[in-house]
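**Q** Below you'll find the structure I mean.
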Amino acid sequence: MSKIIRLEDAETRKALGGTLKVMFTSADTKNLRFSVGYFEPKEGLNAHIHPESEEVYYVLKGKGKVYLGEDLKETPIEPNMGLYVPPGMVHGVVNTGRGRLLIAFFVTPGKEPTKEYKK
């Protein structure tokens, strides 16, 4: 069954230090979760792990840094950049710009719970 949703109608969730608009969950799709993250300056997602899920980030607006791996290596991000995170890899993001950072997140399988990473 198909589904169409407007961003303003999506559920808003606070998660891991950021604000997410949840567009589609495993209740809507077979294997995918899709959300859009909104991060004000210095805000982001705390480092976390999806033990079995893959994730793709696509930066829509703003500037920031992603943190990857157990050493939390920093990589700058900006609009029109994509990032693939394999299952089990520690990752997080922070807005380093002056304006809002918007990122689209695609996670599959979408049922996988997230575990916050504590170093």
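**Q** Of the residues L102, L16, only one is surrounded by 14 or more Cβ atoms within 10 Å (Cβ to Cβ), within 14 Å of E116 (Cα to Cα) and not small (G, A, S); which?
**A** L16
**Q** Sort out which residues of the stretch 19-40 are under 25 Å from K118 (Cβ atoms) and assigned to a loop (DSSP other than H, G, I, E, B), and write them in order of number.
**A** E40
**Q** Would you check which residues across the stretch 1-18 are free of Cβ contacts under 8 Å to residues at least 40 places away in the same chain and outside any strand (DSSP E or B) and list them?
**A** M1, S2, K3, I4, I5, R6, L7, E8, D9, A10, G17
**Q** What are the residues in the stretch 62-119 that are in a loop (DSSP other than H, G, I, E, B), polar (S, T, N, Q) and modelled with pLDDT under 95, if any?
**A** Listed by number, the list holds a single entry, T114.
**Q** Please find, among V66, V56, the residue that is β-branched (V, I, T), surrounded by 19 or more Cβ atoms within 10 Å (Cβ to Cβ) and free of Cβ contacts under 8 Å to residues at least 60 places away in the same chain.
**A** When all the criteria are applied, what remains is V66.
**Q** Taking the residues in the stretch 25-40 that are closer than 29 Å to G97 by Cα and in contact with a Ser or Thr (Cβ under 8 Å, 6 or more places away or on another chain) as candidates, determine which candidate is surrounded by the fewest Cβ atoms within 10 Å (Cβ to Cβ).
**A** Of everything passing the filter in the stretch 25-40, Y38 is surrounded by the fewest Cβ atoms within 10 Å (Cβ to Cβ).
**Q** Taking the condition of being under 17 Å from I77 (Cβ atoms) and in a loop (DSSP other than H, G, I, E, B), how many residues in the stretch 41-58 meet it?
**A** 3
The values are calculated or read from the model by the stated rules, or taken from the named source; none is laboratory data. Every value quoted in this text rests on a predicted model; they were computed, and no experiment measured them. Quick reminder, even Gly has a Cβ in these numbers, built from the backbone with ideal geometry, and neighbours come from all protein chains shown.
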